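The values are calculated or read from the model by the stated rules, or taken from the named source; none is laboratory data. In this text the structure is predicted, and so the values were computed from the model without any measurement. Using ideal geometry, Cβ is built from the backbone for each residue, glycine included, and neighbour counts are taken over all protein chains shown. The area values use the complete protein model at the heavy-atom level, side chains included, leaving out ligands, DNA and RNA. Shrake-Rupley method; radii C 1.70, N 1.55, O 1.52, S 1.80 Å.
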Amino acid sequence: AYHATRLLVAAAAADAGQVEVAVREARVLHESSDWPARESATLLVKAHLLAEDPAAAERVLDKVFPLGEASDDGVALRAQVLQAANNHPEAARLLEPLAAKTGPYRDFALFRLGQSYAALGREDDARRVARVLEELKAAARLVIDARQRPDDLPSQVRGAEQLLRDGQPAEAAALLEAAIARLGPDPRLARLLAQAYRKLGRADLAEKWDRP
């Protein structure tokens with residue numbers, strides 16, 4: 001309860017722009033041996049960035065996410081610190097591979113990469129990244145629409161097709177199985193479900209849904 005309260009206070013202070021309070025509460029959490037180091041370090045780094053103190057943020061970062069840190073969360077956090085320090089060449093170098101791979105940080109990396117490209121005067125690259133980000137958002141909307149409109153057959157087809165394009169056959173199969181249970185074995189749904197199971201290595205199930 002103690003740590004949860006500290007976390008809530010730090011978050012509320014950050015939202016309210018109370019920078020000193022946010023930094024203080026985040027530091028207390030970080031210095032507590034009972035709180036996970038990476039979680040508290042992330043909070044403290046963000047508090048220092050809010051206080052426009054990238055040097056302090058980098059000192060915390062280096063202790064918990066050392067240089068060469070390969071985890072996506074560490075790379076994303078370091079890129080933010082580099083941008084705050086106006087080191088856009090290095091920020092772009094870190095963000096480019098993160099923006100190129102599917103994962104929870106892709107949209108974040110694309111957005112931040114566009115910022116660094118713009119700061120470096122690389123306007124064509126900034127526009128290219130912005131287009132990719134918009135395409136990803138449009139694709140995500142297809143999946144969201146399918147989940148919000150479970151009884152609409154065209155939405156289910158578009159959502160499943162997008163999940164397959166995104167390399168998520170398990171999620172596509174789950175969506176399609178539920179759609180077929182509600183809407184019946186429509187040929188379009190069955191064809192897509194066969195594709196999903198084939199990508200999952202389930203030839204037996206793929207054959208079942210491939211049948212006319």
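If you count Lys pairs in the chain whose Cα atoms are under 24 Å apart, skipping same-chain pairs closer than 8 places in sequence, the total is 4. ILE144 sits with roughly 90 Å² accessible to a 1.4 Å probe, with DNA, RNA and ligands left out of the calculation. Ordering ALA118, LEU176, LEU153 by the projection of their Cα atoms onto the charge dipole of segment 109-195, which places +1 on the Cβ of Lys and Arg and -1 on the Cβ of Asp and Glu, puts ALA118 at the extreme positive end. Taken along its three principal axes, the alpha carbon spread of segment 26-103 comes to 36, 26, 18 Å, from the longest extent down to the shortest. For the chain, rounded, prolate or oblate, judged on the Cα gyration tensor with a ≥ b ≥ c (square roots of eigenvalues), a/c < 1.5 rounded, else prolate if a/b > b/c? Taking the square roots of the gyration eigenvalues as a ≥ b ≥ c, the chain is prolate.
Selection among GLN162, ALA92, ALA51 by position relative to the dipole of the chain gives GLN162 as farthest towards the positive end (Cβ unit charges, Cα centre).
As a fraction of the 1.4 Å probe accessible area of the chain, surface on carbon and sulfur atoms comes out at 53 percent. With all protein chains kept in place, the per residue accessible area of segment 137-208 amounts to 54 square angstrom at a probe of 1.4 angstrom. The charge dipole of segment 166-212, taken about its Cα centre with unit charges on the Cβ atoms of Lys, Arg (+1), Asp and Glu (-1) only, comes to about 100 debye. Put simply, when 7-13, 197-203 are sorted by average Cβ atoms within 10 angstrom per residue, most first, you get 7-13, 197-203.
With respect to the chain, whose longest principal axis is taken over its alpha-carbon atoms, helix 2-15 is tilted by about 90°. The three principal axes of the C-alpha atoms in segment 41-158 carry coordinate ranges of 53, 32, 25 Å, sorted with the longest axis first.
Each label point was placed 7 Å from the Cα along the Cα-to-Cβ direction; for ASP124 and ASP107 their separation is 2.9 nm. Were the residues from ALA70 through ARG24 laid out at 0.36 nm apart, the gain over their Cα-Cα distance would be 13.7 nm. Can you classify segment 150-207 as rounded, prolate or oblate using the Cα gyration tensor, where a ≥ b ≥ c are the square roots of its eigenvalues, rounded means a/c under 1.5, and otherwise it's prolate if a/b beats b/c and oblate if not? Here segment 150-207 falls in the oblate category.
If you filter segment 13-115 for trypsin sites (Lys or Arg not before Pro), then keep DSSP loop positions with at most 10 other Cβ within 10 Å, what is left? Passing both the DSSP loop test and the Cβ count: LYS101. Take the alpha carbon gyration tensor of segment 91-158, find the square roots of its eigenvalues, order them as a ≥ b ≥ c, and report rounded if a/c is under 1.5; if not, report prolate when a/b exceeds b/c, else oblate. Note, shape of segment 91-158 comes out prolate. Note on ARG147 and ASP62: the model spin-label points, each 7 Å out from Cα along the C-beta direction, lie 4.1 nm apart.
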